[in-house]
Amino acid sequence: MLNEKQIDFLEKQIPIMAEYATKQAYIETLASGDKVMIADNGKLVEVYPDGTRKIIKEIAKPIKVTQSSFKIKS
């Protein structure tokens with residue numbers, strides 16, 4: 001069984017791994033010849049494998065979220 005310190009370490013890796021997986025999926029999708037939909041500076045944009053970008057529509061600008069954490073006691 002993992003101790004609290006080990007669990008905290010592993011949990012801190014989740015955002016790093018999620019960012020890597022997202023970037024990897026983006027690259028692999030374009031490499032396979034498919035387009036990708038992204039939000040970029042208040043716009044919904046299709047990105048094509050050749051680098052062409054097509055603005056689909058205006059969207060709300062991103063909202064900054066402060067990271068927080070809590071522990072559930074059993």
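When residue 64 is tested against (1) assigned to a helix (DSSP H, G or I); (2) modelled with pLDDT under 95, exactly one condition is not met: (1). The set of residues in segment 25-74 being among the acidic types (Asp, Glu) and over 15 Å from the mean Cα position of the chain (by Cα) consists of 34, 46, 50, 58. Of the residues making up segment 23-65, those that are surrounded by 10 or more Cβ atoms within 10 Å (Cβ to Cβ) and either in contact with a Ser or Thr (Cβ under 7 Å, 6 or more places away or on another chain) or of a type in the set (Val, Ile, Thr) (or both) are 27, 29, 36, 38, 45, 47, 55, 56, 59.
Screening the candidates 18, 31, 25 for the property of being among the small types (Gly, Ala, Ser) and touching a residue at least 12 places away in the same chain (Cβ under 8 Å) yields one hit, 31.
The values are calculated or read from the model by the stated rules, or taken from the named source; none is laboratory data. Just so it is clear, the structure is predicted and the values come from calculations on it, not from any experiment. Ideal geometry is used to build each Cβ from the backbone, glycine not excepted, and the neighbour counts take in all protein chains shown.
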